[in-house]
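What follows is one structure encoded as structure tokens, with my remarks underneath.
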Amino acid sequence: MTLSFLKRQAAALVCGFALSGAVLAQDLFSPRIYVNDKVVTQYEVTQRAKFLEILGAPGDPEEEALKALIEDRLRQVEAEKYDMSATEAELKSGMDEFAARANLTADGLIAELEKVGIAGETYRDFILAGVVWRKVVRAKFAGAVSISDNEIDLALAAAAREQALQILVSELVIPVQSDEEKAAALDLARDLSASLAGEGSFSAAAKEYSKSPTAANGGRLDWMPLSNLPGELGAKILSLAPGEVSDPVIVPGAVVLFLLRDVAVDKSVKPVAVTVKWAEFLVPDDAAEIGRIRAAVDTCYDLNGQANGLPEDRLTMTTQPASELPADVGLELARLDPGESSVALTRLGFRRFLMLCSREPTQEEPINREVVREQLINRKIEAMAEGYLEELRSAAVIREP
């Protein structure tokens, strides 16, 4: 996210938000929903929705805003329970860190947000909820998480190997479109993860439950370099033994299980990490139109002609380490060669036409064992925190006025 991006988004949104101002003023602080004894106001939902839209977050902005604010209230209750709060220094650090992603200071980002009617307090509350929650889960779970030297060795081997590893996996993809579906999908995925063993049973389950195009083939994927996958996904898969099924992996819009079939060393290559350049073109959800675009483009740069005359945010080009890709995008790009495309993902009513432009080796920095240990601890805590939040949601009394 850059300053110019924020300005473009601001220009696109300011007119629409101005028109809705009179309506919002009527019941600005009326309750929108109750979470136990906490209130989420309509004003907060509207503000968070604007903020999420500026960030380009997927999904319906208002629905995602309401969901996020409900979770914030659940986090707030737990923070009060454990007498946890954030210092001004911690809050400022969090605000500066997030703003730096847009090459801005916290004050600079707030100034840009206020131009489209998003209060600085909205940004502050957004950061505060995350800072306090990290302290809560760290206090609750840190003592229960241990990392063995063997786990560090595996992580170091994956990161510093001279020769690239290739993996052979199968996938089982359960799509979700709501919190209720997510909870049911997680329950199903956990049951399958605990009960499936070996390729035969996983293949049968994939044919029955998976909605991926690979379902008809029992979820089988071809060989792929481990380095093609986002770091967290790669680490989870590499920790499996052949024939073992992963814990559920949550990606936007789906819950996924993986079965590791085999691991091999590719002696023809020596990359340790890769950087990918990829294009995302938001196109109508129309098979004929998608087919036309595919026939008309051979490279990412050909998409510029297809996007001519469309809003600037319909086509984006991104270059970043494969390990930092969003899980859903990284999984799709991992299957592609340069010039190939995928339309499996959706966003705001469009198909996300993802095209891999290039995949190149990058130079790694030296790895410190204690840094790796901390990273592995954080991964485990994040996974435990996600389940913790689901439990809080299930136990909460959430009602509309």
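The values are calculated or read from the model by the stated rules, or taken from the named source; none is laboratory data. Bear in mind that the values here come from a model prediction, so they are computed numbers and not experimental data. Neighbour counts are summed over all protein chains in view; Cβ atoms, including those assigned to glycine, are modelled from backbone coordinates with ideal geometry.
Summary table
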{"quantity": "Where a residue in segment 380-393 is part of a helix (DSSP H, G or I) and its partner, wherever it lies, is modelled with pLDDT under 80, with Cβ under 7 Å and at least six apart", "calculated": "380/145; 381/142; 381/145"}
{"quantity": "Within segment 96-111, tally of residues that are touching a Phe, Trp or Tyr at 6+ places or on another chain (Cβ under 7 Å) and acidic (Asp, Glu)", "calculated": "0"}
{"quantity": "Hits in segment 27-49 - residues which are crowded, with 19+ Cβ neighbours inside 10 Å and not aliphatic (A, V, I, L, M)", "calculated": "32, 44, 46, 47, 48"}
{"quantity": "Scope segment 130-150; condition β-branched (Val, Ile, Thr) and part of a helix (DSSP H, G or I); matching residues", "calculated": "131, 132, 136, 137"}
{"quantity": "Residue match in segment 262-280 (condition: among the basic types (Lys, Arg) and either closer than 30 Å to residue 181 by Cβ or without any contact (Cβ under 8 Å) to a residue 40 or more places away in the chain (or both))", "calculated": "no"}
{"quantity": "Test: residue in segment 178-192 that is crowded, with 17+ Cβ neighbours inside 10 Å, farther than 19 Å from residue 391 by Cα and assigned by TED's automatic domain parsing to the domain that holds residue 247", "calculated": "yes"}
{"quantity": "Residue within segment 157-173 that is part of a helix (DSSP H, G or I), touching a helix residue (DSSP H, G or I) at 6+ places or on another chain (Cβ under 6 Å) and modelled with pLDDT under 85 present", "calculated": "yes"}
{"quantity": "Qualifying residues in segment 286-334 (those that are within 20 Å of residue 212 (Cα to Cα), out of contact with any helix residue (DSSP H, G or I) (no Cβ under 9 Å at 6 or more places or on another chain) and surrounded by 13 or more Cβ atoms within 10 Å (Cβ to Cβ)) - the one modelled with the highest pLDDT", "calculated": "290"}
{"quantity": "Residue tally, condition within 15 Å of residue 175 (Cβ to Cβ), aliphatic (A, V, I, L, M) and in contact with a strand residue (DSSP E or B) (Cβ under 6 Å, 6 or more places away or on another chain), over segment 322-342", "calculated": "1"}
{"quantity": "Filter result (under 18 Å from the mean Cα position of the chain (by Cα) and either surrounded by fewer than 20 Cβ atoms within 10 Å (Cβ to Cβ) or at pLDDT 85 or above (or both)) within segment 50-61", "calculated": "51, 52, 53, 55, 56, 57, 58, 59, 60, 61"}
{"quantity": "Residue 372 vs. criteria farther than 30 Å from residue 29 by Cα, aliphatic (A, V, I, L, M) and modelled with pLDDT under 85", "calculated": "yes"}
{"quantity": "Subset tally (residues that are surrounded by 15 or more Cβ atoms within 10 Å (Cβ to Cβ), of a type outside the set (A, V, I, L, M, F, W, C), in contact (Cβ under 8 Å) with a residue 40 or more places away in the chain and part of a strand (DSSP E or B)) for segment 335-361", "calculated": "6"}
